[in-house]
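Working notes, structure below.
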Amino acid sequence: MKLFITGFVQVFFVAINTYFLSKEFYLGVFICAFIISLIWSWNVRKVAFGTFKDRLCYALGAGFGSLLGLIVSKIILK
């Protein structure tokens, strides 16, 4: 569950950042990029040395995080 959440949170911010980039929302881009890098610095070791199951949980979290990130970013910029 922990890896699911970390994958979810990281890709949630990647999705938001992608939308912010397309809309040239500079403050949002900066904040998201900072958070993405900070989260990634903690995730690298967990995923790289994890089992296949660990990687699968992380990837599922990333998929759901991407979907929710798109939804939230559209709400923020409305």
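Read the figures in this text as sums done on the coordinates, not as results from a lab. Values in this document were obtained by computation on a predicted structure and should not be read as measured data. Heads up, the Cβs are rebuilt from the backbone with ideal geometry, glycines too, and the neighbour counts pull from every protein chain shown.
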When you scan the stretch 39-49, do you find a residue that is surrounded by 15 or more Cβ atoms within 10 Å (Cβ to Cβ) and more than 14 Å from residue 2 (Cα to Cα), even just one? no
Hey, residue 76 hits all of (1) surrounded by 15 or more Cβ atoms within 10 Å (Cβ to Cβ); (2) aliphatic (A, V, I, L, M); (3) out of contact with any Phe, Trp or Tyr (no Cβ under 8 Å at 6 or more places or on another chain) but one; which does it fall short on? (1)
Taking the stretch 50-62 and keeping residues surrounded by 14 or more Cβ atoms within 10 Å (Cβ to Cβ) and not hydrophobic (A, V, I, L, M, F, W, C) leaves 50, 54, 55, 58, 61
Neighbours by Cβ (under 7 Å, 6+ apart or cross-chain): first from the stretch 15-30, in contact (Cβ under 8 Å) with a residue 24 or more places away in the chain; second part of a loop (DSSP other than H, G, I, E, B): 23/77; 25/77
